[in-house]
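The values are calculated or read from the model by the stated rules, or taken from the named source; none is laboratory data. If you're wondering where the values come from, they're calculated on a predicted model, not measured in any experiment. Here the Cβ positions follow ideal geometry from the backbone for every residue, glycine too, while neighbour counts run over all protein chains shown. Side chains included, ligands, DNA and RNA excluded: accessible areas come from the protein's heavy atoms. Shrake-Rupley method; radii C 1.70, N 1.55, O 1.52, S 1.80 Å.
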Amino acid sequence: MRVLGVDPGLTRCGLGVVEGSVGRPLTAVASDVVRTSAALDLGSRLIAIERAVEQWLDTYEPDAVAVERVFSQHNVKTVMGTAQAAGIAVAAAARRGLPIALHTPSEVKAAVTGSGRADKAQVIAMVTRVLRLAERPSTPDAADALALAMCHIWRGDAVRRLEAAAAAARAAAPAKGAAR
């Protein structure tokens, strides 16, 4: 499975592609950061992010896209920019019919380091080690994008199986109030 991880942000949007499967070594295919200037208007910044995501989808042809789920922060302006960048990635993947998963930062940290409270240095260290990178990712945003892809490969299939089992159980259960 090949997954594009997206660490959304208006100023720095991390992109990372990882290939592999559960129980097998993972391989980093590529990682980078899309940067946009705060001096640009919002529309121009979102278009730049969209173009980059589209280019990555064309170049790396992922099987799925994993995006960091936006969580509440104290700075509403930061949350809005992050959500807008995340929406761009989700829309680009949806246009291509790709499966999209949203993972919280704590889910990603727990999957990659074993602790949902890991700091950036721990995430970078584990991404570097697990992916057997010769050097650390260029920025924390690139490392986070790789970590999102790793998390999805490791957790995505299990989550899909659990959701399918729950849906099957609901479908098999008799309707409430049905005659017995």
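Structure summary
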item: Complete set of residues in segment 43-101 that are within 19 Å of MET150 (Cβ to Cβ) and touching an Asp or Glu at 6+ places or on another chain (Cβ under 6 Å); result: GLU68
item: Residue in segment 37-59 that is surrounded by the fewest Cβ atoms within 10 Å (Cβ to Cβ), counting only those that are small (Gly, Ala, Ser) and in a helix (DSSP H, G or I); result: GLY43
item: Qualifying positions in segment 24-36 - assigned to a loop (DSSP other than H, G, I, E, B) and open to solvent by less than 80 Å² (accessible area, probe 1.4 Å); result: LEU26, THR36
item: ARG96 being among the basic types (Lys, Arg) and farther than 26 Å from ASP119 by Cα; result: yes
item: Some residue of segment 39-53 being modelled with pLDDT of 95 or more and closer than 17 Å to SER138 by Cβ; result: yes
item: Positions within segment 3-23 being modelled with pLDDT of 95 or more and β-branched (Val, Ile, Thr), in sequence order; result: VAL3, VAL6, THR11, VAL17, VAL18
